[in-house]
1. May I ask you to sort B:Arg219, A:Arg144 by Cβ crowding, counting other Cβ atoms within 10 Å and putting the fewest first?
2. If eta is 0.890 mPa s and T is 25 °C, what Stokes-Einstein diffusion coefficient results for chain B, Kirkwood Rh from Cα pairs, in µm²/s?
3. Considering only chain B, what is the antiparallel percent among its DSSP beta bridges, to the nearest 5?
4. Expressed as a rounded percentage, what relative contact order does region A:250-430 have, with Cα pairs under 8 Å and six or more residues apart?
5. Computed over the Cα atoms of region A:140-272, what is the ratio Rg over Rh, Rh following Kirkwood?
6. Calculated from DSSP H runs of 4 or more alone, at -39500 (n - 2.57) each and per residue, what is the 222 nm mean residue ellipticity of chain A, nearest 500?
7. Is the shape of chain A rounded, prolate or oblate, going by the alpha carbon gyration tensor and its root eigenvalues a ≥ b ≥ c, with a/c under 1.5 for rounded and a/b larger than b/c for prolate?
8. Could you give P(r) for the protein assembly as shown, binned at 10 Å from zero, as whole percent values over all Cα-Cα pairs?
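Read-outs: derived from the displayed coordinates by stated rules, not from any lab. Because the structure is predicted, anything quoted here is derived from the model rather than measured. For neighbour counting, all protein chains shown are included, and Cβ atoms are generated from backbone atoms with ideal geometry for every residue, glycine included.
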Amino acid sequence: MIPRMIARAAALVLTMALPVLAETPVQELKTPGGNTVWMVQSPDIPFVALELRFRGGTALDAPAKAGAVNLMTALLEEGSGDLDAQGFAAARDALAAEFRFGASLDSVSVSARFLTENRDQALVLLRQAIVSPNFDATSLERVRGQVLSGLRADERDPGAIADRKFDQIAFGDHAYGQPSDGTIATVTALTRDDIAAAHLGALARDRVHVAAVGDISPADLATLVDTLLADLPATGTPLPGPAKVALTGGVTVEPFPGPQSVLVFGHEGIPRTDPDFFAAFIAAEAFGGGRFSARLMSEVREKRGLTYGISAGLLPLDQADLVVGQMSTANGTVAQSMQVIREEWTKLATDGLTEAELAATKTYLTGSYPLRFDGNGPIARILVGLQMQGYPVDYPAKRNALIDAVTLDDVRRVAARVFRPDDLHFVVVGTPEGVQGQ
Amino acid sequence: MRLIALCLLSLAVAFPVRAEKVTDFTLDNGMQVVVIEDARAPVVVHMVWYRVGAADEAPGKSGIAHFLEHLMFKGTDTVPSGAFSQTVSDLGGMDNAFTSWDYTAYFQRVASEHLPLMMQMESDRMTNLRLTEEDVVTERAVVLEERTSRTDSDPGALFSEQRQAAQYLNHPYGRPIIGWRHEIEQLNRTDALAFYKLHYAPNNAILVVAGDVTPDRVRALAEDTYGKIPENPAVVPRVRPSEPPQISERRLTYGDPRVGQPYVVRSYLAPTRKPGDQSRAAALSVLAELLGGSGSNSVLGRALQFDRQIAVHTAVWYQANALDQGSFDLVVVPSEGVSLDQAEAELDVVLDRFLTEGVDQADFDRIMTMLRASEIYAQDSTQSVGRRFGESLTTGLTITDQRDWANVLQSVTPDAVMEAARDVLVRGRAVTGHLEKEIAQ
């Protein structure tokens, strides 16, 4: 704990010679109520950023109920106890607290910021929203209308169409294959009972991770978290189980009007638990990262001007792992772009990275890591994410050593295993010239 | 647990409650410098803001400000093409740039020890840019792809571009920042270099450094880099064609088969923050929050989403920062089965009622509390604080104006809000756009 001041003093002296170290002092609390919380106490600004993640998310939805978890999450702030939606919002705003609720494939997230001066009152409201939301009929219909409006917009959005098609092909009947916000048909059919069931199933204590950063003591935080979570169910809906990635080499074209096509492409990836995960992560960053120097960006944008942006990377999910990329290009240059991507994929699989690329990517990744830890909100999000990924509390201090340990041979070995040009499947949404589905 | 808490308590004394520390000074060549200190993390954000944007382009050259922003990542005599970003990322940093109507800004986020190199490279490309014909042609293709992705492939963006053009009869704010496609296609190396020589100079730029750094260190480094560049006498204050009084309401409809969710947008010309005179803009900022801020308790949300289900979404948008006249925009996304005409008519009913009945005191008090708290939350991101200064100083304001802004907001009264509302929300001076689904022929 103490070392923060000392470390900073030392860093001042050494700073020109040594790389910046991640010096954020993260503590792991075990609360009396049995919760585990990662925290950084930082009294500089009088507020706390709190992050909760419930594992499961929209992948908990049964096919006929697709969209239930998403709609439930959107309804959490629409009234609880004796407050209706407007009463809840007024109470929250009067405290200047901020609550955000989000649903994704693998988790339901709760992000809160509240001031030190009215922390206890803010907590009462947040607890009410999480533990006893009303899900009243009026709110249900209003928010359902908003979700349906979004789904109607997605039906005409080439990016959304491409993502959905890709997931369908990749995951088939698994929950990952269904749209996480549901379809117009399933969302229209959801009842209040479905929403209440989704709530009990998704927000349970057996799957929650907690991180907090800001102006609060460990003792106060422990009490706060215990109070917040005590009345949630002990267990929730079982997770859906592993998904098989069914992508095989080929092209799927979805016709769509417009001057440009959206491409989503990829195949099966590599799990975080794989001993070569860091080597694969480095290869993917050098290959498809968002920087101008990444291979795809350099070949497709910088040298040929075919796109405004292209990226590809590892996507390790809870139940499956993907390598996936995306870009947009004029309809006339889709075929050329696909050709370049395939060539680069093959080159990476065959030759791995160059010595220079490996070195540059390592310095980028190790140098950028500590820069992410700036601000209560960003640090709380990183900490809860690390818990979700199963890393220990000392991971931030050790992570750069794991990156530095990767060798050129590691990268070559893993690139040949993970990047498989023959399995590369392209979903193209647009009116591409000279490209046929296969 | 108890032990840990005690240990931390004693340490807490060592960290005084932090106040945002902002220092400013000007170099001999006229370059303004703002330093925002935040030592919580060993990180620094280095930004250079130029007082030039899309609204400063010559007629027929739309898009040149943004195109030049892209080309600034090509080379100089000492930094080869592409090496700027490569150097930043090799250090673990990130860099980017953005262009608006009133400004063009470049920034890097790096460990604070690398600040000297950033200042050296950024000052180098202020006057030493070298462009090859090939760089220019390839990058123009990238910009055209950017336009295709962001605008031509998105009916909402095309609609917004048309509305912006309809809003301004005479002022260059009516032109898209990225440029009209037919004009981007004609932009060349000579255009880019001419624009560069005219506008990129220390006396037309603001340096903002935010993070783990002291003003003394920034001053020493700045004098050694930017300070060596002579001021450019060609830089003159910006005077653009201004809008004539709007005497006729304007309406437009854009139909596109790619529209999934139709909506209506109403906009009005509105004054912005002016040096020493920010109270009207502050009142309009509060008005925007009252009408459309928090969905469930805003005037529009309550009337159109809660009392009746006319809309699935409502929003209000007012940009308080602009060198010239800005706009006050209201959006209504109708519920299924409600037409755009109906949604617009209901919007007018709500606005008329608001103008008659005035401000609800409880709403007003809540908004003032949230605005006060937002000053506390804002301190969590020094980069955002820096960005606010950069934006204000490139839209005609002074450091003092920016420092005062939170207080000016707090001094707004309900009467001032209503006065601003009556001045701006005049139907005869409205621009109204409908974005519709259109079945492809």
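1. By the 10 Å Cβ count, ascending: B:Arg219, A:Arg144.
2. Values: Rh = 24.0 Å.
The calculation lands on 102 µm²/s.
3. On the way: 49 of 62 bridges.
Antiparallel bridges make up about 80 percent of those DSSP assigns within chain B.
4. Once normalised by length, the contact order is 40 percent.
5. Rg/Rh for region A:140-272 comes to 1.07.
6. The helix contribution divided over chain A gives -13500 deg cm²/dmol.
7. Values: a/c = 2.08, a/b = 1.19, b/c = 1.76.
Oblate is the answer for chain A, as a/c is 1.5 or above yet b/c matches or exceeds a/b.
8. 2, 11, 19, 26, 26, 14, 2, 0
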